[in-house]
1. Only residues that are surrounded by fewer than 24 Cβ atoms within 10 Å (Cβ to Cβ), hydrophobic (A, V, I, L, M, F, W, C) and part of a helix (DSSP H, G or I): list them for the range 185-215, please.
2. Taking the stated definitions as given, is residue 239 in contact with a Gly (Cβ under 9 Å, 6 or more places away or on another chain) and either among the basic types (Lys, Arg) or under 30 Å from residue 157 (Cβ atoms) (or both)?
3. Looking at the range 441-469 only, could you name the residues that are in a loop (DSSP other than H, G, I, E, B), closer than 21 Å to residue 428 by Cα and in contact with a Ser or Thr (Cβ under 9 Å, 6 or more places away or on another chain)?
4. Please verify whether residue 137 is among the β-branched types (Val, Ile, Thr), surrounded by fewer than 21 Cβ atoms within 10 Å (Cβ to Cβ) and modelled with pLDDT of 95 or more, treating the condition exactly as stated.
5. Taking only the range 124-181 into account, find how many residues are among the hydroxyl-bearing types (Ser, Thr, Tyr), part of a strand (DSSP E or B) and under 30 Å from residue 220 (Cα atoms).
6. Considering only residues that are part of a loop (DSSP other than H, G, I, E, B) and surrounded by 15 or more Cβ atoms within 10 Å (Cβ to Cβ), look in the range 216-231 and name the one that is farthest from the chain's Cα centre (by Cα).
7. Counting just the residues of the range 204-221 that are among the small types (Gly, Ala, Ser) and farther than 17 Å from residue 186 by Cβ, which one comes out modelled with the highest pLDDT?
8. So residue 146 passes all but one of these: (1) open to solvent by 70 Å² or more (accessible area, probe 1.4 Å); (2) in the same structural domain as residue 99 (by the TED database); (3) closer than 26 Å to residue 299 by Cα. Which condition number does it fail?
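The values are calculated or read from the model by the stated rules, or taken from the named source; none is laboratory data. None of these values were measured; they are calculated from a predicted model. When we count neighbours, we look across all protein chains shown, and the Cβ atoms used for this are built from the backbone with ideal geometry, even at glycine. Just so you know, the surface numbers come from the protein's heavy atoms only, side chains and all, with ligands and any DNA or RNA stripped out. Shrake-Rupley method; radii C 1.70, N 1.55, O 1.52, S 1.80 Å.
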Amino acid sequence: MPWRRRRNRVSALEGGREEEPPPEAAAVPSALLTSPQQTEAAAERILLRGIFEIGRDSCDVVLSERALRWRPIQPERPAGDSKYDFLCKEEFIELKDIFSVKLKRRWSVKQQRSGTLLGITLFICLKKEQNKLKNSTLDLINLSEDHCDIWFRQFKKILAGFPNRPKSLKILLNPESHKKEATQVYYEKVEPLLKLAGIKTDVTVMEYEGHALSLLKECELQGFDGVVCVGGDGSASEVAHALLLRAQENAGMETDRILIPVRAQLPLGLIPAGSTNILAHSLHGVPHVITATLHIIMGHVQLVDVCTFSTAGKLLRFGFSAMFGFGGRTLALAEKYRWMSPNQRRDFAVVKALAKLKAEDCEISFLPFNSSDDVQERRAQGSPKSDCNDQWQMIQGQFLNVSIMAIPCLCSVAPRGLAPNTRLNNGSMALIIARNTSRPEFIKHLKRYASVKNQFNFPFVETYTVEEVKVHPRNNTGVYNPEEEEDETASENCFPWNVDGDLMEVASEVHIRLHPRLISLYGGSMEEINDSKVTRETI
């Protein structure tokens, strides 16, 4: 078991008896304080100290305010004995990594009510390779009921003191996601961990497109600490849109025209159970169900940027990323073949869209990202981004694909992301434009996403870091033509957009604005979590 070890940090274990924890300073001989780390350990107030069997060793165990430390109890040996030093290595776990505690008992047929007490089991969240998390256990064996009860109550008190950890969650489950596996994923992998952590859940099965929107508009959410979506990108985006729309309504705002939206009131958890899982993959760094569940249990919360999509001044929806042109037409084609499996449908649509590849005549206006301190302060105060001092830029021409992304958009076919230079909450969007070129060159560009670099190293690809974008189609290639084949990718007088895996059809210009840190999500790579420092009070 990969517990962390410290060779010389024994100062926290010096002095004191089992029922009489030593004073903070008096218990530590000054000769042992040889490093700042040891001084820090000595300054921690010791809550409990006792003897437990861990593994096969009887150990001296110390519970302080921030960590649980233990070392094997060994016979005294001469000073400087290397074997003695090795055996006395201290191991520890940080209390913030513990998410549940249970009394460990042995049950038999003759025992009707309670089994024989064996000790205490701690359930721990550990980091695996890359960004994956895993749950593990540590058994503290002691047969004394009184001794274990004292420690058990202290652990429960500690766990109750973590403010971000949810106690009650609203679960929205899409049973149609991917190969209809979402229900199995939830009840076999997610629910057992939530129950283990003592989290109450209320599960609603999404029965139709837009169900989450209507549900969260009317649902009483005061008793919940967060909302969790079990499904793919479309489901997750719909739930995020619903939470943000409800926040605007609760704030008394007119939802048709929103310039400065208010932040969503509850955190959103994403359990990846779809075919691509771009949102969850970008959030956690890996599309892993257990990792996503443990982030929710541990209360890892960070704020994430969100876009608003509007036309003619009217809000269409909230979202995280969008594609126009090839990306939109591919999704529109895929939607017409829902009877296929998700992977088959996606591959078929890509091939067919490439076979009928055509460029859109567009005018694209954008506001470049300004990272100066005064602009950032203005945003933090809730001022609109664009004003007379902002310098809009405009390009026009024939474009095969236009991508606007506020998140990295990681997925299996793009391990670094469709927008690898974008972060979850850096206050900017990536605008990626592929101008008209030959089909073979465009295919080379798409294939390059599967590698680790140079996907934009083509003369027809342009990238910009922006705050706002306006996409104005200038021709009618997207308009329905009854003489074309039945696989036409757009409805009458509309152009197809791919917004977070959902099809959005719009007839005119679309205005995309970025709103920094508008929604809080459970999860993120460990580096981003450590940098974010978000608490429930900031939500």
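1. 185, 193, 194, 196, 213, 215
2. Details: in contact with a Gly (Cβ under 9 Å, 6 or more places away or on another chain): yes; either among the basic types (Lys, Arg) or under 30 Å from residue 157 (Cβ atoms) (or both): no.
When the stated conditions are applied, residue 239 does not pass them.
3. Once the filter is applied, which keeps residues that are in a loop (DSSP other than H, G, I, E, B), closer than 21 Å to residue 428 by Cα and in contact with a Ser or Thr (Cβ under 9 Å, 6 or more places away or on another chain), the range 441-469 yields only 456.
4. yes
5. From the range 124-181, those among the hydroxyl-bearing types (Ser, Thr, Tyr) are 136-137, 144, 168, 177; that's our starting set.
Checking which are part of a strand (DSSP E or B) leaves us with 136-137, 168.
Then keep just the ones that are under 30 Å from residue 220 (Cα atoms); that gives 168.
Here the count works out to 1.
6. Start the filter on the range 216-231 by keeping residues that are part of a loop (DSSP other than H, G, I, E, B), which leaves 219-225.
Right, trim to surrounded by 15 or more Cβ atoms within 10 Å (Cβ to Cβ) and you get 219, 221, 224-225.
Numbers: 219: 24, 221: 21, 224: 19, 225: 16 Å.
Residue satisfying both the conditions and the ranking: 219.
7. Of all residues in the range 204-221, those among the small types (Gly, Ala, Ser) come to 210, 212, 214.
Pick out the ones that are also farther than 17 Å from residue 186 by Cβ and you get 210, 214.
Numbers: 210: 83, 214: 89.
Within the range 204-221, the match that is modelled with the highest pLDDT is 214.
8. That leaves (3) as the condition not met.
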